[in-house]
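Please read the structure below before turning to the comments.
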Amino acid sequence: MFRLEARTSTPAWFNLALPLIAIAATLILCSGLIAIAGAGVIEAYGVMLSASLGDSYAITETLVRAAPMIFTGLAVAIAFRAKFWNIGAEGQLLAGAVASCFVGAIPMPGTLAMLLMAIVGAAAGALVALVPATLRIKFKVDDVVSSLLLNSVIYYALMALIEGPWKDTFSGYPISPPIEDSANFPVLIEGTRLHLGVVVALIAAPLCWFLIARTTLGFRIRVTGENPEAARYGGINVQRVLLSTALLSGALAGLAGVGEVGGVHFQVMSDISPGYGYSGIVVAMLARLNPLGVVPAAIFLAAVMTGAEAMSRATGVPAFLSDVIQGTALLAMLVALLFTAYRIRRVGAQT
Amino acid sequence: MSAVFEQIFQVGFLAAIIRIATPLAFATLGEMFSERAGVLNLGIEGIMLLSAMAGFTAASLSGSLWLGVLVAVLVGALMGALHALFTVALGLSQHVCGIGVTLFSSGLAYFLYRLIFGQQSVPPSIDGFKLAPIPLLSDIPVIGPAVFNQFTLVYMAIIAVPLAAFVLYRTPWGLAVRMVGENPRAADSAGVSVIATRFQAVILGGALMGLAGAFLTMAQFNAFTFGVVSGRGWVAIALVVFGRWDPWRSAGAALLFAFVDALQLRMQASGLGHIPYEAFLMLPFIFTIVAMAFMSRNAVAPSALLKPFRREER
């Protein structure tokens with residue numbers, strides 16, 4: 001018989017190695033599916049690696065994909081720190097995309113347009129996140145369920161827009177009109193899609209880290225998440241912290257949508273997010289809710305997504321493998337996390 | 001407006017409510033058993049999808065619908081066991097594990113479906129279940145054709161409700177489930193194995209979610225498409241709250257939701273002016289959120305919900 005025994009201390013190397021162990025376990029587990037699909041495991045992962053990180057263009061593509069997941073990852077990490085279970089980053093991203101697209105379509109100087117897109121997009125995301133937070137505070141509605149259900153509501157609202165008032169009367173496609181050319185985020189490296197929004201995402205991570213680790217609000221968020229009772233005794237207004245967290249989290253998720261509109265698609269369509277909101281949960285967990293860890297975690301998932309398409313073309317393994325890898329990585333990470341607090345002991349064995 | 005009211009009381013409309021409610025009832029009962037034992041299962045959306053895919057595939061390859069149902073139930077139970085392994089045996093966060101199970105099983109469902117059926121412009125379909133009218137009962141006016149001229153799986157859902165209530169409230173196992181969900185420490189002292197009971201409840205829940213998935217691809221749509229579950233799992237979680245963790249009330253909640261959904265479909269079909277159809281599609285979700293806001297105040301969740309149990313810890 002084995003049993004879990006509480007650790008008194010966790011070795012430092014173990015904390016750092018943990019996500020890597022989880023990722024290694026994930027890749028090994030998913031290699032079974034590659035084998036079932038009849039492709040060579042080494043070959044398939046090789047194609048994924050070279051297509052996502054093999055040359056400078058591939059790296060920029062991976063970074064472009066990582067940007068929205070950095071934002072949603074940060075959104076989830078901060079929310080989960082306060083035990084505000086925001087599963088609604090997907091809907092908040094969509095709201096941010098729609099709102100910024102509205103603003104971006106108005107003719108005005110480029111810099112102003114981009115700034116307004118970011119502000120309005122973030123505000124839209126924050127507003128959506130405010131709903132589950134308010135419902136939890138006022139009506140004790142479970143935030144997991146309400147934020148999940150809101151994703152569907154926002155998605156259908158977006159569909160109503162692009163099938164209705166925004167529908168392209170010329171082509172008949174359900175896509176929004178494009179934003180003004182001047183509002184397109186500048187491309188940083190000629191010949192790639194690496195846009196300004198990616199840099200903003202990379203800067204947002206250390207800023208969020210600073211906010212969580214070094215500011216009063218960050219302290220309140222952490223205490224509220226770790227022990228709401230103690231927070232209350234310590235004079236922290238838990239409800240207000242919850243609302244601040246929701247606003248912050250929603251704004252970050254909204255920015256993910258802004259980046260997709262301003263830097264990648266320049267308009268809104270039904271599949272503007274391939275589930276970046278849910279990927280944010282995986283990213284946040286791989287990062288162990290540390291904003292700094294969000295960057296490498298998002299880049300890893302982005303590499304898997306970018307690589308999976310190339311792998312699918314080269315080996316015929318369905319690209320949905322990247323979704324399976326995401327789910328497996330999340331579960332593997334959770335199990336790995338268990339071993340920071342516990343270790344396995346053989347019961348009855350000599351110690 | 002009177003035209004809308006006339007339509008509500010048509011046989012077809014009542015039958016539609018029952019049909020929409022069926023997968024929701026299975027899923028809601030499944031989630032209810034899991035939560036009654038203290039385990040929130042957010043894997044439900046993915047479990048339904050994977051079961052729907054597995055059942056469809058089995059039925060399509062073997063030609064036997066009931067084999068498909070069996071496979072869907074087994075897959076659902078298996079995924080329930082996976083969720084229990086993480087949350088009950090290892091005591092990991094139920095929220096995050098559930099999302100993990102959903103991401104994993106939806107990814108797997110799409111991956112395997114594409115692997116088996118390849119990329120086709122028209123999704124392959126099967127000859128799904130046929131209506132199985134019950135003699136005599138189906139002759140009762142209005143109620144008969146609506147309730148007793150349905151798929152066998154619908155009758156199973158109708159029977160599942162009193163059966164679930166009986167199991168939960170009248171059997172020793174049901175008592176054990178309620179105990180480990182309310183006060184695991186007391187249950188443990190009384191000699192009930194908390195871990196085993198929770199595993200059983202979550203696995204039973206998964207099996208019921210599997211039935212819900214089977215209904216979608218083998219009776220309702222007769223094909224597996226990417227939006228085949230489309231949030232029904234999430235709705236079921238809300239319906240459990242709405243139904244206050246009780247089989248009868250949960251089934252009532254499923255019926256109420258199905259009524260709103262069927263109404264939405266009717267309003268779409270009747271081309272109510274210039275309202276976009278998406279407004280109707282979001283209606284059931286908004287309804288659920290609002291309903292939860294009203295219900296959650298008095299709703300009392302099982303007290304040990306979300307709390308892992310470790311015997312050696314006090």
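Results, tabulated for the structure shown:
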| read-out | value |
| --- | --- |
| A:N86 of a type in the set (S, T, N, Q), within 9 Å of chain B (Cβ to nearest Cβ) and touching a residue at least 12 places away in the same chain (Cβ under 8 Å) | no |
| Counted residues, the stretch A:142-176 - those being part of a loop (DSSP other than H, G, I, E, B) and surrounded by fewer than 19 Cβ atoms within 10 Å (Cβ to Cβ) | 10 |
| Count of the stretch A:195-244 residues which are in contact (Cβ under 8 Å) with a residue 12 or more places away in the chain and more than 21 Å from A:P291 (Cα to Cα) | 5 |
| Evaluation of B:S230 against (1) without any contact (Cβ under 8 Å) to a residue 60 or more places away in the chain; (2) within 14 Å of another protein chain (Cβ to nearest Cβ); (3) open to solvent by less than 50 Å² (accessible area, probe 1.4 Å) (one fails), failing number | (3) |
| Any chance B:S60 is outside any helix (DSSP H, G or I) and either more than 14 Å from every other protein chain (Cβ to nearest Cβ) or modelled with pLDDT of 95 or more (or both) | no |
| Selection within the stretch A:217-248 - open to solvent by less than 90 Å² (accessible area, probe 1.4 Å) and not hydrophobic (A, V, I, L, M, F, W, C) | A:G218, A:R222, A:T224, A:G225, A:N227, A:P228, A:G234, A:G235, A:N237, A:S244, A:T245 |
| Search result, residues across the stretch B:118-151 that are free of Cβ contacts under 8 Å to residues at least 40 places away in the same chain and either of a type in the set (A, V, I, L, M, F, W, C) or surrounded by 15 or more Cβ atoms within 10 Å (Cβ to Cβ) (or both) | B:V122, B:L131, B:A132, B:I134, B:L136, B:L137, B:S138, B:I140, B:G144, B:F148 |
| Boolean, A:V198 is more than 14 Å from every other protein chain (Cβ to nearest Cβ), in a helix (DSSP H, G or I), crowded, with 18+ Cβ neighbours inside 10 Å and more than 19 Å from the chain's Cα centre (by Cα) | no |
| Near pairs, Cβ below 6 angstrom, 6+ apart or cross-chain, from the stretch A:312-325 (without any contact (Cβ under 8 Å) to a residue 40 or more places away in the chain and under 15 Å from A:G46 (Cα atoms)) to any residue that is open to solvent by less than 40 Å² (accessible area, probe 1.4 Å) and assigned to a helix (DSSP H, G or I) | A:A319/A:A308; A:A319/A:S312; A:S322/A:V304; A:S322/A:M305; A:S322/A:A308 |
| Residue in the stretch A:286-295 that is modelled with the highest pLDDT, counting only those that are within 14 Å of chain B (Cβ to nearest Cβ) and open to solvent by 20 Å² or more (accessible area, probe 1.4 Å) | A:L289 |
| Filter pass, B:G68 being open to solvent by less than 10 Å² (accessible area, probe 1.4 Å), within 8 Å of chain A (Cβ to nearest Cβ), in a helix (DSSP H, G or I) and among the small types (G, A, S) | no |
| Residue under evaluation A:T192, criteria (1) touching a residue at least 24 places away in the same chain (Cβ under 8 Å); (2) assigned to a helix (DSSP H, G or I), criterion not met | (2) |
| Selection within the stretch A:36-70 - outside any helix (DSSP H, G or I) and touching a residue at least 24 places away in the same chain (Cβ under 8 Å) | A:A37, A:G38, A:A39, A:G40 |
| Any hit, the stretch A:160-181, residues being in contact with a Phe, Trp or Tyr (Cβ under 6 Å, 6 or more places away or on another chain), in contact (Cβ under 8 Å) with a residue 24 or more places away in the chain and at the interface with chain B (Cβ under 9 Å from one of its Cβ atoms) | no |
| Long-range neighbours under 8 Å by Cβ, at least six apart or interchain, first residue touching a residue at least 40 places away in the same chain (Cβ under 8 Å) within the stretch B:178-194, second acidic (D, E) and surrounded by fewer than 18 Cβ atoms within 10 Å (Cβ to Cβ) | B:V194/B:D188 |
| Only listed residue being assigned to a helix (DSSP H, G or I) and within 20 Å of A:N86 (Cα to Cα), chosen from A:A251, A:A230 | A:A251 |
| Residue within the stretch B:47-57 that is buried (at least 24 other Cβ atoms within 10 Å of the Cβ), farther than 20 Å from B:F226 by Cβ and either within 14 Å of chain A (Cβ to nearest Cβ) or in contact (Cβ under 8 Å) with a residue 40 or more places away in the chain (or both) present | no |
| Scope the stretch A:52-74; condition of a type in the set (A, V, I, L, M, F, W, C) and either surrounded by fewer than 21 Cβ atoms within 10 Å (Cβ to Cβ) or modelled with pLDDT under 95 (or both); matching residues | A:L53, A:A58, A:I59 |
| Matching residues, the stretch B:272-286, being modelled with pLDDT under 85, open to solvent by 20 Å² or more (accessible area, probe 1.4 Å) and in contact with a helix residue (DSSP H, G or I) (Cβ under 9 Å, 6 or more places away or on another chain) | B:L272, B:I275, B:P276, B:Y277, B:A279, B:L281, B:L283 |
| Of residues in the stretch B:11-40 being more than 16 Å from B:V235 (Cα to Cα) and assigned to a loop (DSSP other than H, G, I, E, B), the one farthest from the other protein chains (Cβ to nearest Cβ) | B:A37 |
| Evaluation of A:S249 against (1) among the polar types (S, T, N, Q); (2) at pLDDT below 95; (3) closer than 18 Å to A:A79 by Cα (one fails), failing number | (2) |
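The values are calculated or read from the model by the stated rules, or taken from the named source; none is laboratory data. Predicted model only: the values in this text are computed from it and were never measured. Cβ atoms come from the backbone with ideal geometry, glycine included; neighbour counts cover every protein chain shown. SASA here: full protein model, heavy atoms, side chains in, ligands and nucleic acids out. Shrake-Rupley method; radii C 1.70, N 1.55, O 1.52, S 1.80 Å.
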